[in-house]
């Protein structure tokens, strides 16, 4: 479970930032030149299609469907076991994100839908969540810290910065968090 760093308000901001980060990475991953995952749900056409099937929750359905595609790609690149990543977090955190998607998904849709086809605007929005710019990062899986650091909210900005670098350089980087201790 997320551990609030300051207050309940800090917890809400962390969940909001994390959900926004997820949506931005999902959208940029679909739209990147090579397409990190083979889905098109977070595009105007994809959302239009889903709105016929899910008139009140098309955006949330698009986020969930694209998230599943991203999870599979990340799992194949990082592996499954004692690691987590943006699209496969501990169950309590996934539940909290799902609740937030249901509660504030409409607000995020209103904020982000106009940006879906504007790559630079999406990258700028991702930059607002980032904690600085990494100098460089190698392609592929990259450990960013421990689950304890993640739950304290200390890694979200770093993960956002790595994804930003990846999308700007068209270089696939898969940040991950180790569950406990040092990986061998």
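The values are calculated or read from the model by the stated rules, or taken from the named source; none is laboratory data. Keep in mind the model is a prediction, meaning the values are calculated, not measured. Virtual Cβ from ideal backbone geometry, glycine too; neighbours counted across all protein chains shown.
Is it true that some residue in the range 106-120 is touching a helix residue (DSSP H, G or I) at 6+ places or on another chain (Cβ under 7 Å), farther than 17 Å from residue 17 by Cβ, part of a helix (DSSP H, G or I) and free of Cβ contacts under 8 Å to residues at least 40 places away in the same chain? No, that holds for no residue.
Residue count for the range 141-153 under the criterion of being surrounded by 15 or more Cβ atoms within 10 Å (Cβ to Cβ) and touching a strand residue (DSSP E or B) at 6+ places or on another chain (Cβ under 7 Å): the result is 7.
Applying the criterion of being surrounded by 18 or more Cβ atoms within 10 Å (Cβ to Cβ) and free of Cβ contacts under 8 Å to residues at least 40 places away in the same chain to the residues of the range 36-60, the residue that is nearest to residue 153 (Cα to Cα) is 37. Would you call residue 125 within 13 Å of the chain's Cα centre (by Cα), under 24 Å from residue 38 (Cα atoms) and without any contact (Cβ under 8 Å) to a residue 24 or more places away in the chain? No. Against the numbered list (1) touching a helix residue (DSSP H, G or I) at 6+ places or on another chain (Cβ under 8 Å); (2) under 19 Å from residue 109 (Cβ atoms); (3) part of a loop (DSSP other than H, G, I, E, B), residue 56 comes up short only at (1). For the criterion of being under 19 Å from residue 179 (Cα atoms), surrounded by 13 or more Cβ atoms within 10 Å (Cβ to Cβ) and at pLDDT 95 or above, residue 71 passes. The set of residues in the range 74-92 being in a helix (DSSP H, G or I) and surrounded by fewer than 18 Cβ atoms within 10 Å (Cβ to Cβ) consists of 75, 76, 77, 91, 92.
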